[in-house]
Structure formats: C-alpha cells, structure tokens
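Taking it in order: structure first as structure tokens, then the write-up.
The values are calculated or read from the model by the stated rules, or taken from the named source; none is laboratory data. It should be emphasised that the depicted structure is a prediction, and the values quoted were computed from it without experimental measurement. Backbone-built Cβ (ideal geometry, glycine too); neighbour counts: all protein chains shown.
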Amino acid sequence: MFIILIAVSALGLLALIFGAVLGYASVRFKPEGNPIIEQIDAILPQTQCGQCGYPGCRPYAEAIANGDKINKCPPGGESTIQALADLLDVEPLPLDGDHGEEKPKMVALIREDECIGCTKCIQACPVDAILGAAKQMHTVIADECTGCDLCLDPCPVDCIDMVPVNTGLQDWHWQKPQDNLIATDAQPKQEASA
Amino acid sequence: MNLITLSSPHHTQSTGVNKVMLQVLMALVPGIVALCLFFSPIYLFNLLIGCSTALAVEALILRLRRCPVAFHLRDLSALVTAVLLVISMPPLIPWWITVLAVSCALLLGKHLYGGLGFNPFNPAMVAFALMIVSFPVPMTTLWLAPNSGLDFASALQIVLGQTLLPDGISSATPLDYYKTQVGRLTATEIYQSELFFGIWPAGWIWVSLAYLVGGLFLLYKKVFSWHAPLGLLVGLAVLALIFGLDPDSNTPLHLHLLAGSAIVGAFFIVTDPVSGATSRLGKFIFGFGVGCLAYVIRTWGSYPDAIAFAVLLMNFAAPFIDHYSKPRTYGHSTRHQGYK
Amino acid sequence: MNAFSPAPNTQVWPLIGGVEPKENKQQSNGLSIGYLPLPPFLVLPVNQHIGVAAEPLVAVGDQVLKGQLIASSSGKISACLHAPTSGKVVAIEPRPVPHASGLDSLAIIIEPDQQDQWREQEPWPNWQQRSSEELLARLSESGIVGLGGAGFPTASKLSIDQQIHTLVVNGTECEPYITADDLIMRERAAQILAGVAIMAKLLQVKQVLIGIEDNKPEAIAAMRAALEHYQGPEAVIKTFPTKYPSGGEKQLIWILTGQEVPSGRLPADLGMVCVNVGTAAAVQQCIVDDHPLISRITTLTGQVLAQPRNYELLIGTPIVWLLAQLGVTQAERIIMGGPMMGEPLANPQSPVVKTCNCLLLPTQQELPLPPSASPCIRCGFCDDVCPASLLPQQLYYHARSRNLEGLAQQHLFDCIECGACAYVCPSSIPLVQYYRYGKGEIRQEQQQQAKSERAKVRFENRQARLAQESAEKEAKRKARAEAAAKAQAAKAAGDNSAIDQVIKAAQAKSAAAAATKAEGPDLEALKSAVEQAKNKLMMAEERLAKAEQEMPENAAAFRTARDKFAEKLAKAEANWQKAQQETKT
C-alpha cells in the first residue's frame, strides 16, 4: 500500500512539475503568428468581386476562418484553393462551380464614346479604379482594375467590356516545356514527338 | 520564313542516355569475358536469358503504363540492369531464378517508383537482395570453382534443371571460404585451397581486374567521376586495414578488394546516378558508406559478400547525403540552407 | 612604365564549372569588318535596352539628320535613340522586335534619303579638358548601352554613387561563333583604350583589368600594342584559358580578381564596374567624335551563309533585308547571339538592335535540333558544369512541379542562364527553358501579389470612406429625428404610444425631461435602438433556425451573426437602462 502511495505521489508530483513547466512555456514562448484571418486574406486575390457571396475578400476571409468552404473564389482558382488548403490544413476541394469559373485575367474597358456619365459604375467599383464625374465620360485605370465584373451590371448602356490582359514584351516569359513523359502517361497512344 | 523558336542553348553535346548506357555495357565486356574464361561460358546463356527477359518485361510494363515503348526501350537502361544482375549471381543459378530476378528488378525496383530516373534504389541490387533472401541456398552455393572444367553443355543442363548438380562441381567463393575457415585454420593453410593462387583468389582476381579495366574506361570517358568508386574502395580498405591486419583472424585487405564484388560494385553499382548521391562530395560519402557497410556486413554479418545490402542501405541515405553536401552557390557566403 | 615598377599582376582564378563547346570562330574572324549599303528603311524600336523605353521626339513626316536625337531617355535607367542616317520619319507604330515571343513593340521607322547627312557635330579631341559632368551628359545623350548583349545603359552604369576602384573590361567573348569583340579588338584597339581612359576618368578608378580568352592571340597582341600608347590608370591585360562561360560578368570578375559578386548585388558593391570592349569603343566615338550609337559590329555567321563575316550595321537594319543582301532568302532558325545563350527570333522582319552582337543561321547538321527529352537520370553532369554552383536538377524538379518557393530556395535567381547544364544533359532536357519559366512565374507571382496588395488597400480605403459617409448621413438623420421628436413632445406631452407600462412611464418621464431640459440622454432614441436590436435578433434567430434545417454546414456563420445581435441587444438595453437611471436621479 505504501509503495503504491509513493508511486502515485511521485507520478503526481512529476505531473505537476511538468504541467507547470509546460504551462509556463506555452505562455512564455507563445508563437506570435498573424491572426488566421489576416493570413487567409493575404492568400485571397483581392479582386473584391463578391463572387463568393461575401462583400469583398476580407469578409470571405472571416467567413473561412469561421468555417466556410475554401472553394468559392473563382478569380483565385486552383492555386488559391491549394494555398488555403495548405494554410488551414484541410483537403483541397475543386472550385465550386456555383460561384463561377476560373477565367484568364481580365480588365474592364469602357467604350468611351458610348458612356453617358451616369457614375453608376464608379459607385460599383470596389477598388475605386474608375475615374469620372457625373455627365462626364468615365474611364478605367487599367493598372488598378481587378477584373471583378461588378461594373458591368450597373451600366445602363452596356458600354463596359471585359478584355483579357495583353501580354507585353515586359511580361512575356518562356512557357514550361512540354513534358513528354508526363504527357504520354496521361494521354495514351501518343508517341513522343520532337 | 517560318522560324523555329526554341529556348537556348541551341548547342548540345547530345550524348543521350542510351549512349551513356551503351558505354556502360561496353565497359562490362572485359569482365564478362573474364567470367566466361575463368569460370564458365554459361554466363553467356544466363545473359541471353536475362537480357531477353529484361526487354520483354520492360516493353510490357511500358505498354501497361502507356508510355512510348520504343522511345524508352532505346535508352538501354533495362539491359544494363539485367547484365549487372546476371553477372552478380552465381553461374549455375536455375534459369527461372534469372527470369524472376530480372522481372523483379524492373518491376519492383524501377517501374513501381515511376521508371527510369525515379527509382530510389538500385534495381539490380533490389532484385539481388530479394533473391538472396528468397533463395539463399542456390544463391550462395551454385558458384563454380575457377577452371572447374565444367563444359558449356553440362552447365546448360544444370541451369535448365535437366540434370542435378554433380558433386564437387560447385564451390564457395574465396571470400566465403576464408570467412568460414579463418577461425579454424591459419592464413597459410587457407591459401592452400584450390580457390587461391598463392595468396590471390584464383580466377576472381582476373575478373576483378577486367572490371577495373572497364571501369577505368568509363572514368576516362567521363561517364562518372572518380568520387564514388574511390569512396567505396577507401571505405572498404580503411576498415580492412584497421580490423584485418592479422590475416589469421580476419580476411585481409587484398581479398576484400579483389575476391568479391568490390570492384564491380565500385565502378558499376555505386556509380548508378539515379539512386546515388548527386554532388561530388556526396558521391564520395555515398561510396565511402557503401564500402564501410560492405566491410561490416562481410565481417560481422551472415553474408559473405555484401555490396548489394550496403548499396541498398546507402540508397536510403542518398537524399540525406545530398541535402548536406550541397555546394555553396556563387555569391552566397554559406551553403544551401533548409529543406525543400 | 619605368623599369623599376613591379611586373603587373596577371594572376587569374580558374572558372568554376563551365564547358568547352566547339568554338567555330574561325569561320567569321578571317575577314575584316565589312559594310553594307543603306537599307530601304530602318526600324528603330524605342526600347532596345534594359529599363524604361525612350520617349519619341519626332512625328511622322519629320525630316531627320544622321545622328539626330529621335527619342529621349525617360527615367534613370533608359537610353536615347538617334537616327542612323538622314531621311524621313514615315511611321511610328508597333513593329516586330528581335525576340522569341514574336511580339511587337513601338518603333520609329525612317526612310533614308540616301544623303547620309550628319547633324552638326562637335568633336572633343581634347576630352581630358572637359569636366566629368560634361562627359557624362554627352554619354547619356548618346544612347550608348552595353554592347555585350544585356544592353544596360552605360551612362547609368558610369554615374553611380559608390566608390569604384577597378574597371573590368570584358574582351572574353566566350560564346562560340561570335567574333565581333575579337575583330573590334584587332582593328580598333586604340579606340577601345581611349574609351577605357574616358570611363576610368569618370569613375576615378585605380586600376583597369582587361580580360581576354587565350583563343584570340591577334586581339591580345593588338591590345598589348595599343597599351603602349594608353594614358590612364594602371591597366593590365589578363589572359585565361578558353572556357564557356568565362565572359559572364560575375564569372569574369571571379577569374580576374578572385572575388564573388554577392547574390542579388551589383559589381559596384565590390567597387567594380564591368564593360564590354565594344562599349568602350562606342564611348570613345561618342566623346571624341561626337558620334552617337547608331551602328554596331555584328557577326553574321552559320553555315547557311556563304561567307560568315563581321559587319558594321546601322541600328534598325531589317534582318530580312540584311540576309537578302547576303543571298539568304530561306532560314530555319535565326539566333540573335551565340548558340549557348542566343535569342531565337520569331520574326525575320525584326531589325538589328543595339544588343545584337551576332546573327547565327545554323544548318540542321551544324546545330541539330534537340531530340525529345528523356527522363532525368540524376547523372549530375549539370552540377559539375554550373558556373554558379547551383543544383540544376533540383531546380528542374522544382520548376517542373511549379514549386516557386523551392525554386527561390535553390537560388534560381543566381542562375545566369548560360546553358552549360542543358549543353551536357544526356537526357536533352531543356533545362534553361525550365529556369526561364520558373523565373517568369515568380516575377508574375510577385507582380500579382503587389497588385492584390494595392487592391486590398484601395478596397479598405473605400470601405472606410463609405462607412464615414454613411455615419455622417446617419448623424444628420438622427439630428433631424431628434428635432422632430422635440417638436412633437412639446406639442403633445404624454401622448406617446408604447409597448408596456414601464416603458410608457419612463417615456413620459423622458419626454418631460426632454421638454424641460435640452440636454441629457436621449431615452427615445435609446429605446428605439433596443426595439431595433430585438427585431434584428429575432430575424437572425429565424434565419439561424432555417439554416440549421437546410444548410447545417453554414449554420456556424449564422450562429455568429445571431450572437452578435444578441450582444448588441444586451448593450442597447444596458444603455437604455443606464440612461433611465440617470434621468430618474
């Protein structure tokens, strides 16, 4: 009986000591990470397009932090989903088609002679990338446009087009070489070609 | 004018993987000739079986994997695997073990990992280890004594399983013999055996020297650098010198180097680029590790020759060696850091 | 140099890695520099250099004189552009430029009037008497860029703030086939050294190191001879074994000085500046003869050409016209630069530009197209030849799986794209293309990151502005409502409708209080806030119940919303009660 008591009290004492050490360490050496919302927000593409059903990227980031799905961001596409999955340590999901599809980078372009100067698109633009005043022609600051589409619907005369972003000499880069082995692994009966 | 735009460089040495492999095969010829001359020409038959199995199995797997068969067969890597495997196995090994071994090498050692370039282990050694574990008796007892006088026809019958093995034909390898006898007999007594020619392992010494010639040819052709072979020989030699100074109690250095598969291992096995380390320093460490492990297993383990196990063990360590033997990049003050 | 001065230090450090491809230089270095007639038109892209494109100064229809400034540099790193001959500006429009992409870029097109009439020139034969500012000003107006291939504006290079002690002159020309620098050194050694002296004065260096590969004995001899008449800081010609890529800037600095340029930094951080011999000759022409950069020496080589040779070509000469002059109408490949690093041109209509040191037209036998790539066998040949001691196969694996983080970790940006790895690769893997792809993707990612960062800031600013606007509106509305309530209370006190007795009584009191005292808490507003919060909470609860039935996976969001409203209600109630207490006392 005495031996059992000794054993129990020794273990209990050890548990206390270790618990105290661990507790102290968890307070003293607490890792200072970004709040999770900030980290999620940093991954989202910041188009502020609202295709996810939230009014902007930050609200969606908050929603994800509160348990919403990570596959509602078409502009970010697969790479964003992958990055979110890595960050949150969850399974990457395929993009949810209800919220739209992944499209090439677009930029809004106002057909300026058709613009009536109603300022509706200016109010709709989430990043203030449209310049103009009432009864004056509006124009898009292409560098600031995130391609979110939100200005298309409000336009009463449908004078806004989404055009793909052109690759210039400065942005052009070599594409990834065709990988024979992988390509043929995936596509049967295709001989390796030069 | 329609111009072709391909990224630079527009100039290549264009050696081609198959040229590398062809050079390796050519370099193995002297060793094979020596094996045929001093042991038995039955090696040629075994090679025939091994190579045809290799081509057939490789083609079949490539087809199943939906890869371009002709394109990948042309790289000759399957043949190299088969030849290395056959020459490391005993000459009188039943034909079906050869077939099984080559198939295992290609299937388990290579294609299950994604084919050429992706196998973490040396395919030939994977199969060899598998065979020696699965069929320990034939794999260790079907060796021939040098100049045994066994003609090709009878050897063929043994290999094909049509006759039983006649008594007194098979023999242990010199390393095996030395290891088993060294406690009971003195070195001088051991050297009395027909397996030895003076203090040299009869027959085996010529085979080793023939491999050495082939290996030096590859070194000259710059198919590989000297680091891995030297590493193996140094590793083996250092331990053999430390522990084997007294030939009456341990196998001496020259037998370690010349009586077993040390030379073929140094020039043809640890130089396999796919499963070895990459940088020059890494290659040396890799070879050194193989040499040390081979000595340890030969001396204190239960296998008389141990290059296969040593290589497989070091294959495990190759990524680790690679990680810690990265060179210092130009303009950086420290070596590469971190994982990725 | 007097007899007692110590022998110049000609120590060199061996190149790390490197390959020795067949040089193929004898085809084009046998003949002297040749000249061609004026082309029918000249195409002058406004961006022929690293940095910001030049700003056109002329309009369509303008007459220009030879050497006249037609586009001026804009920004710190930019270069001017001059008319290579006299004539008329016929167009300013996007034209194909010598580039693998085949994309167009803005260019000024000049039709020569065959007069070849110079603008007014002011030669400075005694340039030593000019101040550094004057010299630099002329240099930056002359449009000189690095002629070795990269095209960095020379004036920007020479006007750095750092203390420079060594000027490295690059006469290496390690690329096979190219002999332009070789011929310049043979024929214009004195000019090069005069240019070197000018640059040495501008940078106030202590020594000049001239590096030449030992496969150019004539050039070395010519430079040695010219050095006898050279006046400037101590200059040493160092020769070293021929090995590619000794001529890379960082590699040459290592070979000549045994120092490494730190990663991501410039030679200037080591107190060094590196210029090409052709650039030095151009500097002399610009300062002494007032001759801006309107032509350059280009090697035309490859077995497609009957007679490979170096030519002095006007900038802007259309390549297709040039080849026709040499009897070539068909070509499979046109490579601008050498076989190791040259840019494959997508469009033969593109012109000769300032960075065009060679046009290589190889036959299929000469430089066969690479066979399709086989799998990497990890042979490590690439590791051995990499001049930057990178791990090319690790880079390859990372690039293939688009692991940008891994690429950066393996120091992808220390890769100089010399192509030595791909040259030795037995599997014919287009390694350099993988690296270029990786670099491009990383840059694109960074741009994307910067853009989304900006978008975020703009979005947040807009949200803040909208919130402020609506707050102001709300405040105004409140003020109006308050005024109305006061007026009403004054008219008919005690006649307010309420929900329960307590509230009624309190309200009566508060109305009275409001009527008697102008200040004090607005019980009316607080009470309506409570009501509103109650309603909202009710709605939120309804929504939550619905969500829990229909979309349980989203219920969490609704639950947090409900909790928020509950919190708000509690707050509103607390406020109201506090206010009531205060009014009571």
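Scanning for something over 30 Å from the mean Cα position of the chain (by Cα), within 14 Å of chain B (Cβ to nearest Cβ) and in a loop (DSSP other than H, G, I, E, B), does the range C:294-302 turn up at least one residue?
yes
Conditions tested, residue by residue: (1) at pLDDT 90 or above; (2) within 8 Å of chain A (Cβ to nearest Cβ).
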| residue | (1), (2) |
| --- | --- |
| C:425 | yes, no |
| C:431 | yes, no |
| C:439 | yes, yes |
| C:443 | yes, yes |
| C:448 | no, yes |
| C:456 | no, yes |
| C:467 | yes, no |
| C:470 | yes, no |
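Restricting the search to the range A:111-135, which residues are at positive phi and within 26 Å of the chain's Cα centre (by Cα)?
Selection gives A:128 alone.
Pick from the range C:323-340 the residues that are part of a helix (DSSP H, G or I) and surrounded by fewer than 21 Cβ atoms within 10 Å (Cβ to Cβ): which of them is nearest to the other protein chains (Cβ to nearest Cβ)?
Per the stated criteria, the residue is C:324.
Take the residues in the range C:395-407 that are in a helix (DSSP H, G or I) and within 8 Å of chain B (Cβ to nearest Cβ); name whichever of them is nearest to residue C:429 (Cα to Cα).
C:398
The rows are residues; the columns are (1) at negative phi; (2) within 14 Å of another protein chain (Cβ to nearest Cβ); (3) crowded, with 19+ Cβ neighbours inside 10 Å; (4) not aliphatic (A, V, I, L, M).
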{"residue": "B:221", "(1), (2), (3), (4)": "yes, yes, no, yes"}
{"residue": "B:225", "(1), (2), (3), (4)": "yes, yes, no, yes"}
{"residue": "B:232", "(1), (2), (3), (4)": "yes, no, yes, no"}
{"residue": "B:242", "(1), (2), (3), (4)": "yes, no, no, no"}
{"residue": "B:286", "(1), (2), (3), (4)": "yes, yes, yes, yes"}
{"residue": "B:299", "(1), (2), (3), (4)": "yes, no, no, yes"}
{"residue": "B:306", "(1), (2), (3), (4)": "yes, no, yes, no"}
{"residue": "B:310", "(1), (2), (3), (4)": "yes, no, yes, no"}
{"residue": "B:323", "(1), (2), (3), (4)": "yes, yes, no, yes"}
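When the range C:441-490 is examined, which residues are found to be of a type in the set (S, T, N, Q) and farther than 25 Å from residue A:128 by Cα?
C:488
Looking at A:126, A:154, A:164, which is the one that is touching a strand residue (DSSP E or B) at 6+ places or on another chain (Cβ under 7 Å) and modelled with pLDDT of 85 or more?
Matching residue, one of A:126, A:154, A:164: A:164.
If residue C:410 meets every condition in (1) closer than 23 Å to residue C:262 by Cβ; (2) more than 8 Å from chain A (Cβ to nearest Cβ); (3) modelled with pLDDT of 90 or more apart from one, which number is that one?
(3)
It is to be established whether one or more residues within the range B:43-55 are surrounded by 20 or more Cβ atoms within 10 Å (Cβ to Cβ) and not in a helix (DSSP H, G or I).
Scanning the range B:43-55 turns up no residue that is surrounded by 20 or more Cβ atoms within 10 Å (Cβ to Cβ) and not in a helix (DSSP H, G or I).
Name the residue that is nearest to the other protein chains (Cβ to nearest Cβ), counting only residues in the range B:264-275 that are part of a loop (DSSP other than H, G, I, E, B) and without any contact (Cβ under 8 Å) to a residue 60 or more places away in the chain.
Across the range B:264-275, the extreme among qualifying residues is B:273.
I'd like to know if the range C:95-118 contains one or more residues that are of a type in the set (Phe, Trp, Tyr) and over 25 Å from residue C:60 (Cα atoms).
No; the residues of the range C:95-118 include none that is of a type in the set (Phe, Trp, Tyr) and over 25 Å from residue C:60 (Cα atoms).
Looking at C:349, C:364, can you tell me which residue is over 27 Å from residue C:248 (Cβ atoms) and touching a residue at least 60 places away in the same chain (Cβ under 8 Å)?
C:349
Which residue, of C:508, C:561, C:479, C:556, is in a helix (DSSP H, G or I) and at pLDDT 80 or above?
Answer to the selection: C:479.
What about residue C:76, is it closer than 23 Å to residue C:154 by Cβ, in a loop (DSSP other than H, G, I, E, B), touching a residue at least 24 places away in the same chain (Cβ under 8 Å) and not aromatic (Phe, Trp, Tyr)?
yes
With the checklist (1) farther than 27 Å from residue C:174 by Cα; (2) surrounded by fewer than 21 Cβ atoms within 10 Å (Cβ to Cβ) in hand, flag the one item residue C:67 doesn't pass.
Status for residue C:67: all satisfied but (2).
Does residue C:350 satisfy the condition of being more than 7 Å from chain B (Cβ to nearest Cβ) and either among the polar types (S, T, N, Q) or crowded, with 24+ Cβ neighbours inside 10 Å (or both)?
So residue C:350 fits the description; yes.
When the range C:367-383 is examined, which residues are found to be more than 7 Å from chain B (Cβ to nearest Cβ) and either modelled with pLDDT of 90 or more or not in a loop (DSSP other than H, G, I, E, B) (or both)?
Residues satisfying the conditions are C:381, C:382.
Tell me whether the range A:1-23 contains one or more residues that are within 32 Å of the chain's Cα centre (by Cα), more than 14 Å from chain C (Cβ to nearest Cβ) and surrounded by 10 or more Cβ atoms within 10 Å (Cβ to Cβ).
Checking the range A:1-23: not a single residue is within 32 Å of the chain's Cα centre (by Cα), more than 14 Å from chain C (Cβ to nearest Cβ) and surrounded by 10 or more Cβ atoms within 10 Å (Cβ to Cβ).
Checking the conditions here, which among B:24, B:29, B:17 is facing chain C (nearest Cβ under 7 Å) and of a type in the set (A, V, I, L, M)?
B:17
May I ask you to list pairs of residues, at least six apart or on different chains, whose Cβ atoms are under 7 Å apart, with the first in the range B:156-168 being on the phi > 0 side of the Ramachandran plot and the second being surrounded by 12 or more Cβ atoms within 10 Å (Cβ to Cβ) and assigned to a loop (DSSP other than H, G, I, E, B)?
B:161/B:94
Going residue by residue through the range C:13-27, is there one that turns out to be outside any loop (DSSP other than H, G, I, E, B) and over 18 Å from residue C:313 (Cα atoms)?
Yes; the residues of the range C:13-27 include at least one that is outside any loop (DSSP other than H, G, I, E, B) and over 18 Å from residue C:313 (Cα atoms).
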